[in-house]
Structures are given as structure tokens and as C-alpha cells.
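One structure is given here, and the rest of the page talks about it.
Readers should treat all values here as calculations from the given coordinates under stated rules, not as data from a laboratory. Values in this document were obtained by computation on a predicted structure and should not be read as measured data. Reconstructed Cβ throughout: ideal geometry from the backbone, glycine too, with neighbour counts over all protein chains shown.
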Amino acid sequence: MADILRFADYLGPAKIIQVYEPTIDLKAVLVIDNIAMGPAIGGIRVAPDVSIDECIRLARTMTLKNAAAGLSHGGGKTVVYADPKVPKTEKERLIRALASALRNFPEYVMGPDMGTDEECMAWIKDEISNHNVTGLPAEAGGIPIDQIGATAWGIRHAIEVAIPCCVFPPGFTLAKARLAVQGFGAVGKNAARFLVERGAVLVGAADSQGSVYDPDGLDVDELIRLKEADKSVVNYPRGQKFDRDGIIDFECDIWIPAARPDVINEDNVHRLKAKLVVEGANIPVTPGAEKYLHEKGILCIPDFIANSGGVICAAMEYRGKIESEALDVIEHKIRSNTRLILEESKARNILPREAATNLAVARVTKAMSFKRWSIY
Ligand code: NAD
């Protein structure tokens, strides 16, 4: 059997599409995991080093995320194999060519992910002139997911619900909670912003260049300004500087991975000091590391519950809703889902991820049961 089918299971993937255009060296893969609940929504990631396995796992995460959020969408993911920092003209050429190649897949709704943004989505809309793209700039009729911090808004609410379920000392609240954020992009910086607004203290931040730590608190606005000026958090003028993974060792209460997959794994999970890990990134903690955290009494809110704000916002945009409606829906869905999976996890002594997966898979398999071809 072809090697590419080794991940096929009872949910998908339904289709794996290779996109190749030699004249501009466009190399991409689209994985449509499962569309029983509706057209697959999933971001376009521009990165040089994402394996097909990782793309398949990311598409599955989207299936579960959309189902858990009660959206009538399946899951997909596209990877464009390129440096996300290529000059803008080159990126525009790649994204427009990709849009052309995928124009005949109505079962896939494109959106932004690492290495793509609202402007990329506007190029796609211009190129294919159809409805199958979300995460557009406001000027192109969208709700700018990253600009408003839709995903981070959901993370803030997941944290508020999770705190009373953690082994913090009595009376512990978000106000004064020490926070470390790995990845200071759209998700990480906005999560830091929303949580600091609620009184939390950002003690650590990291990006691909390194980490910075200050137990007295980092200035979020100053860090955001540095990132907007294309600098790194290690250019922050105060605090102690460490290498990229130094943030894993920082003393803190809440640790938010908001960068890449598998950053916390069996080799380094024992270094985390936090009592609450909230997965802003997709699949940032390996299954073995999540099990370790559970056994140590450290609560870990899984990605497809905690970071579903972005896709909920995309689905709202797809339905013509406005920003304030989207934020309300994100708040409501993420608070109730976080509560639901934590209750289930406690009652059955299972990992929060298992409780969340059970919830999502039950919905997807029910939707599959209504169909002639289960996942198409
Ligand atoms: P982004 O490109 O805006 O930011 C990524 C940040 O991570 C950058 O600061 C980068 O320097 C840093 N980084 C990269 N590798 C790192 C590493 N190994 N260690 C520390 N920092 C590192 O991306 P984003 O949109 O913020 O997305 C971050 C993660 O969240 C991704 O996994 C993405 O799939 C996931 N996610 C994003 C959204 C969204 O709405 N943007 C929604 C759901 C999930």
C-alpha cells in the first residue's frame, strides 16, 4: 500500500493533494481530512520544514476543532514549502498560484496560518473570486482574525475557566498570575495582551530567536512594538536573555505554547514549572508529554479546544457575521467547552484531550452516519 496512506483511519484523510508548479517552484500539499460535517476549514502554512505527517496531523486537529466547536465544517490544512520570509512579491506569486490550483476544491475553505496573513487571503479572494476563503482584511469584507486576536481571545477565556480546576494555592486568581508565552506572533502576543489586561504578569516570552525573562514583568506593548519592527523579543532592553528553549525552564504559573508542533515532548516536559498549560499552537505537546503532565497534576487544555477562536471567527465570517458577534460566540463556545471537558476529565479520570476527542469524534461519526460516502 502506498506509504501516504499509512495514516488513513476511520475519520480520514479523505484527500491528499500535491500542488506543484515548476515555473515558480511552488510546492504545496493540501490535506482534506474529513468533510462529513461540511466543507473543511484549515489554514495555509508557509514553512520549509513541515512533513506530510505533520500536515496530516494538523488537518485532523482541524476536524476535531471544528466538530468540538459545533461548526458545520470539516478539517483541512495546506502547507506551502517555502521560507515564510520570502520577499512579498514572491510570496504573492506563490499564494496566487496556489489559489489557482485549489480553485476547484469547493470542499476546502482556505484561511491564514503561520506564514500567511489577511493580505494573503485577499490575494486568494482576488485570484479565485469565490466564497471559499476566510480571514480576509476588513476592507475585503472579512474579520481580521489575527489583528483582533480572535484565537487569543478564546485562550483568555479557556484560562479563566481552567484556573479553579488547577492545583494553585487557595485564592489564586488570574490577577498576578505569572505567565510565559512561547511564540510571540499573532496568537502569543495577543494572548499576553488580553491576560495582562486582566492583571496577569508576563514574566517570559520567546520567539524563534530566543527567550527573555523578567520575574518583575515584561512590558507587553514594548515587546509587541519590537516584533512589529521585525525585531526579536531578545532585543527587549531589560530582563535576562536565554536561548529559544530557555522559556521551558521559566518559573511561572501559566505556560502558553504559541509557536510550533511538538515543542514539549518526553525529553523536556519535566522542565515545565507551570501548573496550567494552555495550547495556543496546534499539537505543541506530544501525547506522551500530555500524559506526563496529567500524572503530575498539571492541567493541559488541548489545542483544539483552547485555540479554536480563530476558526470560530473564520466560520462566523463565512456566514457574514461581524466582529462583535464573532467574539461573543468565541467566548461562549470556548468557556462552555472548556468547562465540559474539564468536568468529564475529572469525573472519568481521563486526560482533557481524551474528553475533548470523545466529544468531537462523537459529532463527526454521527455526521458520517447520515452520508452515503461517509467522509465525502
Ligand atoms: P505567527 O507566525 O504569527 O507567530 C509565530 C511565532 O512563533 C513567531 O514569533 C515566531 O518567531 C515564533 N516561533 C517559531 N518557532 C519557534 C520556536 N521553536 N520557539 C519559540 N518561538 C518560535 O503564528 P501564529 O498565527 O501566532 O500561530 C502560532 C501557532 O498557533 C501555530 O501553531 C498556529 O498553527 C497556531 N494557531 C494559530 C491560530 C491563529 O489564529 N493565528 C489559530 C489556531 C492555532
Treat every Asp and Glu Cβ in the chain as -1 and every Lys and Arg Cβ as +1, leave all other atoms uncharged, and give the resulting dipole magnitude about the Cα centre to the nearest 20 debye. 920
If you only keep lysine pairs separated by 8 or more in sequence, or across chains, how many in the stretch 194-332 come under 22 Å at the Cα atoms? 7
For VAL203, VAL80, which order do you get if you count the other beta carbons within 10 Å of each Cβ and list the fewest first? VAL203, VAL80
How large is Rg over Rh for the stretch 78-208, taking Rg from the Cα atoms and Rh as the Kirkwood inverse mean of 1/r across Cα pairs? 1.09
Using Cα-Cα distances under 8 Å and only pairs 6 or more residues apart, what relative contact order does the chain have, in percent? 16
Place a point 7 Å from Cα of TRP373 in the direction of its Cβ. Which residues in the stretch 25-42 have their backbone N less than 14 Å from it? 32-36
When a/c is below 1.5 the answer is rounded, else prolate if a/b is larger than b/c, else oblate, so apply that to the stretch 307-376 with a ≥ b ≥ c taken from the square roots of the Cα gyration tensor eigenvalues. oblate
In terms of the charge dipole of the chain, which places +1 on Lys and Arg and -1 on Asp and Glu at the beta carbon, the residue among THR89, HIS332, GLY111 farthest towards the positive end is HIS332
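Could you tell me the ratio Rg/Rh of the chain? Both radii from Cα atoms, Rh via Kirkwood. Mind dumping the intermediate values first?
Working: Rg = 19.7 Å, Rh = 20.7 Å.
With Rg and the Kirkwood Rh in hand, the quotient comes to 0.95.
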log₁₀ of I(q)/I(0) at q = 0.14, 0.20, 0.26 Å⁻¹ - the stretch 1-65, Debye sum with one point per alpha carbon: -0.42, -0.82, -1.23
hull vol. (C-alpha, convex hull) per residue for the stretch 183-304, Å³ -> 94
Taking only Cα atoms of the stretch 117-190, radius of gyration then Dmax in Å: 17.4, 56
Local electrostatic count, GLU127, Cβ distance below 9 Å [Lys/Arg +1, Asp/Glu -1]: +2
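List ARG339, ARG156, ARG260 from most exposed to least, where exposure is judged by having the fewest other Cβ atoms within 10 Å. Provide the component values of the computation, followed by the final result.
Numbers: ARG339 14, ARG156 24, ARG260 18.
Ascending number of Cβ neighbours within 10 Å: ARG339, ARG260, ARG156.
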Identify all lysines with a Cα-Cα distance to LYS77 below 21 Å; exclude those on the same chain that are fewer than 8 residues away in sequence. LYS15, LYS27, LYS65, LYS85, LYS91, LYS125
